[in-house]
Structures are given as C-alpha cells and as structure tokens.
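First up is the structure itself, then whatever we jot down about it.
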Amino acid sequence: MFQLETPQLVLRELTEEDAPLMLAVLNDADFLRNVGDRGVRTVDDARRYIVDGPMAMYRQYGFGMYRVELKDGTAIGLCGLVKRDGLDDVDIGFAFLPDFRGQGYALEAAEAVMQYAREQVALKRVVAITLPDNTPSVRLLEKIGLQPEGRITLPNDDDELLLMGWSATPTKN
Ligand SMILES: CC(C)(COP(=O)(O)OP(=O)(O)OC[C@H]1O[C@@H](n2cnc3c(N)ncnc32)[C@H](O)[C@@H]1OP(=O)(O)O)[C@@H](O)C(=O)NCCC(=O)NCCS
C-alpha cells in the first residue's frame, strides 16, 4: 500500500478507520476559520467524508489527502494533493491538530508531498489556495517553493483566496 516516509513521519492513505482523526481536524477552530465548515459533525459523517472524498480521489487520480502520523503511529494531521472543481491544477493541502503545530512536522510532510508530486506523479505544476492572512500556511507554502500568483475565488465560496503556485518551468509574466 502507498506510503511516504520522512525522518519523523509516515504518510499513508486514509481509511474509514481514520474517521476520528478527520472529525477532529475538520472541527478544529483554525480549520473552520481558515478552510471552512465541511458540515462533518459525527464519526459517521467523517467516515462518509473519507469514502466520498479522499478514497474516491485515490481511485480516480492515484493521489489524494493522506493521514500523517509519527513513527509511533500517533495521527497528527493531514497533508496531500487534491484535484478540486474550480482549479485546473492539482493543489497541495495540509491541516494539523493543534498539539502538533509549530514543530516542523507540517513542513516535513509538505516537502515529502511536493517531492512525490514532482517525481512520482510527474506534475509540472502544483498550486495551493489559502486565505491571504493565514500566515502559517503562506510561510509554509513559500518554504516548499510556491510563490504568490494572485487572488482567486472558487465556485460556491465567497472568500477571496490567495493562489500560490510552483511550476517546473518558470511561467512567463
Ligand atoms: C497551516 C498549518 C498546517 C501550518 O503548520 P505549522 O505547524 O505552522 O507548520 P510547521 O510545523 O512547519 O511549523 C512552523 C513553525 O515552527 C517552527 N519550528 C519549530 N520547531 C521546528 C523544527 N524542529 N523544524 C522545523 N521548524 C520548526 C518553524 O520555524 C516555523 O516557524 P516560522 O513560520 O516562524 O518559520 C497549521 O497552522 C494548521 O494546521 N492550521 C489549520 C489548518 C489550516 O489553516 N490549513 C491550511 C489551509 S490553506
């Protein structure tokens, strides 16, 4: 089964057993503020969300959002690649539980996902969308090589988001 390993972390495909992790991440105050309300309120909701979202995406695209865990198996967050409506390019996303922020784990996971995107999926471009004032997210995206490209609004979302991107060959401006 697919897995990515870094010095401190293991990234694996989400399964229905990750419903408690998904429930915790999606209802974290910072996630609700920065990313949005997915309306997932129970373990059953979270199980359905995993089946219809990440697990469907693995089948359709071969990649998706992954569970991030410490080497002892403790689940600490999510990081991976997403193909979503309203964006032509694949985007990288991440969300960590509050206890595991500010320690470099998100950076380590995101670097591994970028390397996977470039070398295994052979993507020539990876983007990300974030609220412009989500400083931890913007800083992390800059560290993994994405640069601000402009503002964007997604379908069914009122927020104006910052689009950041990485391209294998520099885009002409
Ligand atoms: C966005 C998010 C994933 C960023 O995670 P994070 O914990 O801030 O990122 P890191 O783990 O890389 O830690 C960042 C800070 O820890 C510091 N740090 C501490 N110990 C470290 C170590 N051992 N190694 C590397 N960095 C370390 C870094 O220097 C960095 O600080 P800086 O930004 O001032 O340089 C996290 O804030 C989050 O989950 N937010 C809620 C969901 C969300 O907003 N997702 C993004 C939607 S676009």
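Using modelled amide H (1.01 Å from N, peptide plane; none on Pro or chain starts), what sits under 5 Å from the amide H of LEU163, excluding residues fewer than 5 places away?
Answer set, sorted by chain and number: GLU149, GLY150, ARG151, ILE152.
Identify, among THR153, ALA110, SER137, the residue whose Cα sits farthest towards the positive end of the charge dipole of the chain, taking +1 on the Cβ of Lys and Arg and -1 on the Cβ of Asp and Glu, with the dipole about the Cα centre.
In the chain, that residue is ALA110.
Rounded to a whole number, what % of the accessible area of the chain do carbon and sulfur atoms account for, probe 1.4 Å?
Values: 4320 of 9320 Å².
Of the solvent-accessible surface of the chain, carbon and sulfur hold 46 percent.
Could you compute the net charge surrounding ARG118? Neighbours are other residues with a C-beta less than 15 Å from the C-beta of ARG118; K and R count +1, D and E count -1.
On the way: positive: LYS124, ARG125; negative: ASP89, ASP91, GLU111, GLU119.
In short, -2.
Based on the alpha carbon coordinates of region 127-173, what radius of gyration and maximum Cα-Cα distance (Dmax) apply, in Å?
Cα only, region 127-173: 11.1, 32 Å (Rg, Dmax).
Based on the Cβ-Cβ distance from LYS143 to ARG118, what FRET efficiency comes out when R0 is 22 Å, to the nearest 0.05? Write down the numbers at each step before the final one.
Numbers: r = 16 Å, r/R0 = 0.70.
FRET efficiency, LYS143 to ARG118: 0.90.
Report, in debye and to the nearest 20, how large the dipole of region 18-140 comes out about its Cα centre when Lys and Arg carry +1 and Asp and Glu carry -1 on their Cβ.
220 debye
Using only alpha-carbon positions, what ratio does the radius of gyration of the chain give when scaled by 2.2 N^0.38 Å?
Numbers: Rg = 15.2 Å, N = 173, 2.2 N^0.38 = 15.6 Å.
Normalised Rg, Cα atoms only: 0.98.
Quick one: work out the % antiparallel among DSSP beta bridges in the chain, nearest 5. Don't skip to the answer; put the middle values down first.
Working: 30 of 31 bridges.
Once the DSSP bridges in the chain are tallied, antiparallel ones form about 95 percent.
May I ask you to give the solvent-accessible area per residue for the chain, in square angstrom, as obtained with a 1.4 angstrom probe? Mind showing how you got there, number by number?
Working: 9320 Å² over 173 residues.
The answer is 54 Å² per residue.
Measuring from label point to label point, each 7 Å out along Cα→Cβ, what is the ASP99 to ASP85 span in nm?
Modelled inter-label distance: 3.7 nm.
Using a basic spin-label model with each label point 7 Å from the Cα along Cα→Cβ, how many nm lie between ILE152 and GLU108?
So the label points at ILE152 and GLU108 sit 2.9 nm apart.
For TYR66, which sequence-distant residues (separation of 5 or more, or a different chain) have an amide H within less than 5 Å of its own amide H, given hydrogens modelled in the peptide plane?
Close amide H contacts, sequence-distant or interchain: CYS79, GLY80, LEU81.
The values are calculated or read from the model by the stated rules, or taken from the named source; none is laboratory data. Predicted, not measured: the structure shown is a model, and the values here were computed from it. Backbone-built Cβ (ideal geometry, glycine too); neighbour counts: all protein chains shown. Keep in mind that these areas ignore ligands, DNA and RNA; they rest on the heavy atoms of the full protein, side chains included. Shrake-Rupley method; radii C 1.70, N 1.55, O 1.52, S 1.80 Å.
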